[in-house]
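Here the structure comes first, spelled out in structure tokens, and everything after it is commentary.
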Amino acid sequence: MRAAVYLRISLDREMDGLAIDRQREACQKIARDRGWTVDEDRYYVDQSKSATDKTKKRPAYDRMVTDFKAGYFDAIICWDLDRLTRQPRQLEDWIDAAEDRGLQLVTANGEADLSTDGGRMYARIKAAVARGEVDRKSARQSAAQSQRAKQGRAPKGVRPLGYAINGDVIEHEAEAVKKIYKHFATPDGVSIAALAAGLSGKAGDHIPKDLPVLPKHNRTLMLERNARRETEGLALREVPDDRPWTSSTVLGILRNPRYAGYSSYTPKTLPPADPDDPNGGKRRSWRASILRDENNDPVKGLWEPLVSEETWWAVQERLDAPERLTNRVGTARKHLGSGLFLCGICEMPVKAHSARYRCAGHIVRSREQVDEWVVRIVRDRLSRPNLQDAMPVNDIPRVAEIDEQVTVHQGKIKRAQSDYDAELIEAFDLQRIRKRALGFIGDLESERRTLTAGEGLSSFLEAKDPVAVFDQADLMAQRRLINYFVEVRLYPHPRGQKKFDPATVKVTSRKGRGTVTV
Ligand SMILES: [Zn+2]
């Protein structure tokens, strides 16, 4: 009998120390014992890398299926049924093949032998159990987590600075949190950078002297995790260096509603919030993560708040103030329109090069001329009496609803992903499910963007003299405001013409935010 050997190794779990050689030898022994031949090219080996690797495919498996249909072999030897497939549907195909074409399937542990009734039954049960396990696990996890939040219990998982995982206060860390809030809560309080410097043990005129000096939180967390792993006899993970605190980590602390005692819930299905990622990814705002009851009141946690609700909101206010719209944690820009104004021909954002804006090949424009023109239009818009009409309607219930729906769709993707990782669905199904869910998410997010576009701009738009506020605002704030009101497209300037031609800079007003003319 001609046999094929199917081997699969996963590299992601340390418990999966089953070397490929051991699998191979065990399978070869079976072949020898049964007197089967295994040709050189009848070894099919897949490597599943990380469970989070979304591109995970099983090319060798697919090739084996094709080769079997082509009649290259009549038996399959594998280490364990789990390695061959955990999809009931795929298993049924192999069972059919066993019944119709006499395919023999044996596993090294000898438990699944499709040539016997008992072996088939065992295989079916095993696949069904695998399927059920994955279903229950993901449902259980998200249900338990949102349940915990509704009951105001401390969320499981990564503990924030100042709290143990069970929600108990860790005094010396809590001290730091309280000081951070205290120093930041006043409108003229210290800067986030100064707080980060103080926590890192630096001194200076602008740095508060009473801040406790702490190792970076992610370092503390990894040390704790390693201590647990050591007691469990697991391999230790790399501990991050003790670097200075970053502004973005401090910002994360100032934004975390748990410190005011608000129960929050951010589903696991969202990309993890990385406090050190300057771009942050698409993450749910802390404020939106505050869990609300049917009256839209925040649900209170059972843990001890470290700051008063007033202090927390005062901090949010300061963080949202227009003069702070510098978006320190985002990519700082040096020019008014780089990455913001578009090339009118290719629609790509322009880049600033010395004194010019340019795109990949269509336009080169004087920055000064363009900026002057755009600022003139926006200042004019700000000076109109009907500015308040341009204020976004802050439809909080709808935004909450959108967040909810986005979460549902992200959950679908996540579930499909884990089904795929567990080999319960095919790559094709995963793609289809993901594409559909991403379509919904895209629509929802664009609606949310419209609803929340003016967030943080209200004090701008409500100012007595918005033009003056605009003139004094820093570059990032001006960029945000420009982007809120208008879209700017640059076209080539006629050759040899010195005088600026306004027709070559198209400024269009955004829907519902008034019209611009100069
Ligand atoms: Zn272009």
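The values are calculated or read from the model by the stated rules, or taken from the named source; none is laboratory data. As the structure is a computational prediction, the values presented were derived from the model and not from experiment. Every residue, glycine as well, gets a Cβ built from its backbone with ideal geometry; the counts of neighbours run over all protein chains shown. Side chains are part of the model used for accessible areas, which takes the heavy atoms of the whole protein and leaves out ligands, DNA and RNA. Shrake-Rupley method; radii C 1.70, N 1.55, O 1.52, S 1.80 Å.
Structure values in brief
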| read-out | value |
| --- | --- |
| Every pair of residues 6+ apart whose Cβ atoms lie under 9 Å, when the first sits in the stretch 221-235 and is free of Cβ contacts under 8 Å to residues at least 60 places away in the same chain while the second is basic (K, R) and surrounded by 15 or more Cβ atoms within 10 Å (Cβ to Cβ) | E224/R159 |
| Meets criteria (more than 29 Å from the chain's Cα centre (by Cα), among the hydroxyl-bearing types (S, T, Y) and open to solvent by less than 40 Å² (accessible area, probe 1.4 Å)) for T515 | no |
| Residue count, the stretch 90-110 (criterion: touching a residue at least 40 places away in the same chain (Cβ under 8 Å) and part of a loop (DSSP other than H, G, I, E, B)) | 1 |
| Meets criteria (at positive phi, assigned by TED's automatic domain parsing to the domain that holds H493 and more than 16 Å from the ligand (Cβ to nearest atom)) for S383 | no |
| Counted residues, the stretch 475-496 - those being under 28 Å from the mean Cα position of the chain (by Cα) and part of a loop (DSSP other than H, G, I, E, B) | 0 |
| Filter pass, R63 being under 32 Å from the mean Cα position of the chain (by Cα) and either over 17 Å from C27 (Cα atoms) or surrounded by fewer than 19 Cβ atoms within 10 Å (Cβ to Cβ) (or both) | no |
| Scan of the stretch 46-89 for residues that are at pLDDT 85 or above and outside any helix (DSSP H, G or I), ordered by number | A70, G71, Y72, F73, D74, A75, I76, I77, C78 |
| Residue, least open to solvent (accessible area, probe 1.4 Å), within the stretch 340-364, restricted to residues that are out of contact with any Pro (no Cβ under 8 Å at 6 or more places or on another chain) and more than 11 Å from the ligand (Cβ to nearest atom) | A352 |
| Sole exception among (1) open to solvent by less than 40 Å² (accessible area, probe 1.4 Å); (2) modelled with pLDDT of 85 or more for L270, by number | (2) |
| Residue satisfying all of: in the stretch 14-36; more than 18 Å from L81 (Cα to Cα) and charged (D, E, K, R); modelled with the highest pLDDT among these | R32 |
| Check on L161, surrounded by 14 or more Cβ atoms within 10 Å (Cβ to Cβ) and in a helix (DSSP H, G or I) | no |
| Residues located in the stretch 468-499, provided they are surrounded by fewer than 16 Cβ atoms within 10 Å (Cβ to Cβ) and more than 16 Å from L342 (Cβ to Cβ) | A468, D471, Q472, D474, L475, P494, R495, G496, Q497, K498, K499 |
| Matching option when the condition is within 15 Å of L387 (Cα to Cα) and modelled with pLDDT of 85 or more, among V469, V507, V486 | V486 |
| Check on I441, under 30 Å from E92 (Cβ atoms) and assigned to a helix (DSSP H, G or I) | no |
